[in-house]
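The values are calculated or read from the model by the stated rules, or taken from the named source; none is laboratory data. Since the model is a prediction, treat every value here as computed from it, not as a measurement. When we count neighbours, we look across all protein chains shown, and the Cβ atoms used for this are built from the backbone with ideal geometry, even at glycine. Accessible surface areas use protein heavy atoms only, side chains included; no ligands, DNA or RNA. Shrake-Rupley method; radii C 1.70, N 1.55, O 1.52, S 1.80 Å.
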Amino acid sequence: MRRNGCLYIYRHESDFAGAAAGRSLRAELGVHQEVLTAEQVAGLEPRLADIEARGLYFPDSINVSDPKAMLARLAAAATARGVQLLRANVASLSAEASGVRLSGPGLGITARTVVIAAGARSRALATQAGDRIPLETERGYHLEFPTDTPLLNRPVCPIDLGFYMTPMDGRLRIAGTVELGGLVAPPNPRRLALLDRGVRQFFPELGRPSSEWLGFRPSLPDSRPVIGRSRRSPGVVHAFGHGHLGLTLAPITARLVADLIAGRGDPVYYQAFAPDRFSV
Ligand SMILES: Cc1cc2nc3c(=O)[nH]c(=O)nc-3n(C[C@H](O)[C@H](O)[C@H](O)COP(=O)(O)OP(=O)(O)OC[C@H]3O[C@@H](n4cnc5c(N)ncnc54)[C@H](O)[C@@H]3O)c2cc1C
């Protein structure tokens, strides 16, 4: 985890003026943010010296240099503490007197407690637990370009283009956009082309991308996750729907889920995330 902040850049004064309400709200909430001149932006990010842009700097932001490597470390740490990892596709979930039954190809287990944390694919499992949750997916894309040396020192978001340029281990990742297109439709090449054209405004020398990706943000109508026990199947705990911030929010959700299962969760923390809040 790199603790070197993140940077918004505003190439048009109207965009900066239009974001005033966001800045006031963050200030009210105690978020550390600093408005930067174009010179200060260039000081933080020398490769952007030719870009005439005002900046908004968040010094407390943290970024992950390689999420896959981070997950592998988490898995290794859990395994070392006695957690058994089993990879399988859960096709069906049913609450029975003996517990919650999970089955799928090569899988058949009954558990006292099951946590549904299947991201954008959680809806079908939640439905089988008896909960109708209006989970949708906000699809997003990324492109990665191999880099010998980092082009940037921290994630940078050109606000007018709506994506992040993030230096990762050995590559620059360009990620963003929101597409309401469900789980089945194929990737839209125009979205990837948009990212490609956008990043070349800053780094025209980039070669061909080394990876293209379509991801599924699990999103709910009120932008809050669902964290709590199923009413219909009390052996099921829901933990999904973190939208644009699932990586950021995962640790606190894990704490809430662990406390809930251990019976020490303070109900006040769960109200806003109740699985039945959408029921009419
Ligand atoms: C372009 C883009 C940029 C993003 N940037 C950020 C960011 O900067 N910061 C941030 O915090 N978040 C970001 N996000 C959001 C973040 O990726 C998600 O919120 C997060 O991945 C959700 O985590 P999750 O564990 O709930 O779901 P996922 O990461 O989707 O994991 C769900 C897991 O469940 C498994 N699964 C699904 N169905 C089944 C089944 N039936 N049986 C067994 N396993 C199953 C899947 O294989 C997967 O491993 C971004 C998303 C996108 C698309």
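Structural remarks
- Within segment 156-165, the set of residues being within 12 Å of the ligand (Cβ to nearest atom) and open to solvent by 20 Å² or more (accessible area, probe 1.4 Å) comprises 162, 164.
- Subset of segment 143-155 (residues that are open to solvent by less than 10 Å² (accessible area, probe 1.4 Å), in a strand (DSSP E or B) and in contact with a Lys or Arg (Cβ under 7 Å, 6 or more places away or on another chain)): 145
- Residue within segment 69-79 that is on the phi > 0 side of the Ramachandran plot and open to solvent by less than 60 Å² (accessible area, probe 1.4 Å) present: no
- Qualifying residue in segment 110-117 (condition: modelled with pLDDT of 95 or more, small (Gly, Ala, Ser) and over 30 Å from residue 61 (Cα atoms)): yes
- Test: residue in segment 101-121 that is open to solvent by 60 Å² or more (accessible area, probe 1.4 Å) and within 30 Å of residue 210 (Cβ to Cβ): yes
- Residue in segment 172-180 that is assigned by TED's automatic domain parsing to the domain that holds residue 146, charged (D, E, K, R), surrounded by fewer than 19 Cβ atoms within 10 Å (Cβ to Cβ) and more than 20 Å from residue 66 (Cβ to Cβ) present: yes
- Selection from segment 91-149 of residues that are free of Cβ contacts under 8 Å to residues at least 24 places away in the same chain, farther than 30 Å from residue 203 by Cβ and more than 9 Å from the ligand (Cβ to nearest atom): 96, 97, 98, 101, 103, 105, 106, 108, 109, 110, 123, 127
- 1 or more residues outside the structural domain of residue 149 (by TED's automatic domain parsing) and farther than 18 Å from residue 158 by Cβ: qualifying strands (runs of 3 or more DSSP E) within segment 1-115: 92-96, 99-104, 107-111
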